[in-house]
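Q: The structure follows.
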Amino acid sequence: MLEGADASREAVLAGLREADVVHLAAHGQLLSRSLPSYLELAGEGGSVAPLDSDLILQLQIPASLVTLSACKSARGGHAGGEALINSLARSFLAAGASSVVGSLWDVDDQGTAALMRRFYERLGEGGSPGSALAGAQRSLATAPAADCEFSHPWFWAGFVTVGAPGDSHNSGSSHAL
């Protein structure tokens with residue numbers, strides 16, 4: 001697991017080449033049609049090193065699941081019949097990831113953390129990423145407001161799964177990032 005300054009672009013790129021499950025919690029930025037979307041990773045001396053969709057497209061990512069716990073990470077523009085242009089999720093799929101979980105809008109850090117805890121609990125029970133995400137969203141949606149401050153759809157409804165919806169996560173893998 002890489003955190004803070006250890007989550008440099010170089011370290012993340014190295015991990016992407018061997019991890020079966022990747023979880024990236026970072027600031028995400030959706031740019032214009034002509035500029036790539038990106039995640040903000042740690043750079044030298046406290047600077048930001050972007051991991052952009054153009055760079056991701058140049059990689060070979062064998063992950064069965066990439067979770068992008070970041071704003072607008074599954075959102076992109078449309079051009080002709082092709083959707084998700086400049087989408088980070090699309091880039092990870094094109095680079096070889098089987099499934100990607102990402103968001104369609106800006107997300108709240110604490111609400112996203114609550115959703116992700118529930119998501120990984122369900123994924124660990126052997127479900128597919130799509131069914132695990134749906135179950136996690138349902139658990140937040142049906143939680144009594146007095147027990148869960150994240151029951152409003154704004155906190156959980158923006159997350160979607162794209163890619164191979166029927167694939168089950170390989171919980172026996174020894175590599176995670």
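Q: Could you run through segment 1-50 and say how many residues are of a type in the set (Ser, Thr, Tyr) and in a loop (DSSP other than H, G, I, E, B)?
A: Residues in segment 1-50 being of a type in the set (Ser, Thr, Tyr) and in a loop (DSSP other than H, G, I, E, B): 4 in total.
Q: Can you confirm whether Leu65 is at pLDDT 95 or above and surrounded by 23 or more Cβ atoms within 10 Å (Cβ to Cβ)?
A: Spelling it out, Leu65 is indeed at pLDDT 95 or above and surrounded by 23 or more Cβ atoms within 10 Å (Cβ to Cβ).
Q: May I ask you to verify whether Arg90 is touching a Gly at 6+ places or on another chain (Cβ under 8 Å) and assigned by TED's automatic domain parsing to the domain that holds Ile56?
A: yes
Residues checked against (1) buried (at least 17 other Cβ atoms within 10 Å of the Cβ); (2) over 17 Å from the mean Cα position of the chain (by Cα):
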position: Glu3; (1), (2): no, no
position: Glu10; (1), (2): no, yes
position: Ala14; (1), (2): no, yes
position: Ala19; (1), (2): yes, no
position: Tyr38; (1), (2): yes, no
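Q: I need every pair where a residue in segment 128-139 that is assigned by TED's automatic domain parsing to the domain that holds Pro153 has its Cβ under 9 Å from the Cβ of a residue that is assigned to a loop (DSSP other than H, G, I, E, B) and of a type in the set (D, E, K, R), sequence separation at least 6 or different chains.
A: That search, which allows pairs on different chains as well, returns Ser128/Asp167; Pro129/Asp167; Gly130/Asp167; Ala132/Glu125; Gly135/Glu125.
The values are calculated or read from the model by the stated rules, or taken from the named source; none is laboratory data. The shown structure was predicted, so the numbers you read here are calculated from the model rather than taken from an experiment. Note that each Cβ is placed from the backbone with ideal geometry, even for glycine, and that neighbours are counted across all protein chains shown.
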